[in-house]
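Written out below as structure tokens is the structure these notes cover.
Laboratory data are not the source of any read-out in this text; all were calculated from the coordinates shown. All figures in this text were calculated on a predicted structure; none of them were measured in a lab. Backbone-built Cβ (ideal geometry, glycine too); neighbour counts: all protein chains shown.
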């Protein structure tokens, strides 16, 4: 049951229009948040921004790996299979996606966390994750 609730929080329905999005748009480095990828994030605007209605806290911009995608699917959140009803094409290794902070932490502890794009990871992530863990896993462009 808990696994199903966690999966539901991490695979959210797209929320168009910035309902009550955090307007600060700062990243974990304290600078302006940059776009993670097209059609990702809780608001599907490409940014890993969050608001109070985002119970999954989709704020970690990651470059997903095969290992992470398999891990996530095994734990009830299939990010591989397309879901046309949500305009979701499915992810493949190398794609960037805004992940739930708690799912990223779970994967980090299991040594399968995907690399993080620090400039595109919202500062809200620091309420859940340690900055040094994120920095150890960062992508260098």
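Observations, loosely collected:
- Approximating the spin labels as points 7 Å out from Cα along Cα→Cβ, the residue 131-to-residue 87 distance works out to 3.5 nm.
- Residues of the range 63-79 falling in the label zone of residue 109, defined by backbone nitrogen less than 19 Å from a point 7 Å along Cα to beta-carbon, are 68-77.
- Projected label points at residue 38 and residue 55, each 7 Å from Cα along the beta carbon direction, are separated by 3.2 nanometres.
- 78, 38 arranged by Cβ crowding within 10 Å, fewest neighbours leading: 38, 78
- Spatial extent of the range 41-141: Rg and Dmax, with the Cα atoms as the point set, Å: 12.5, 37
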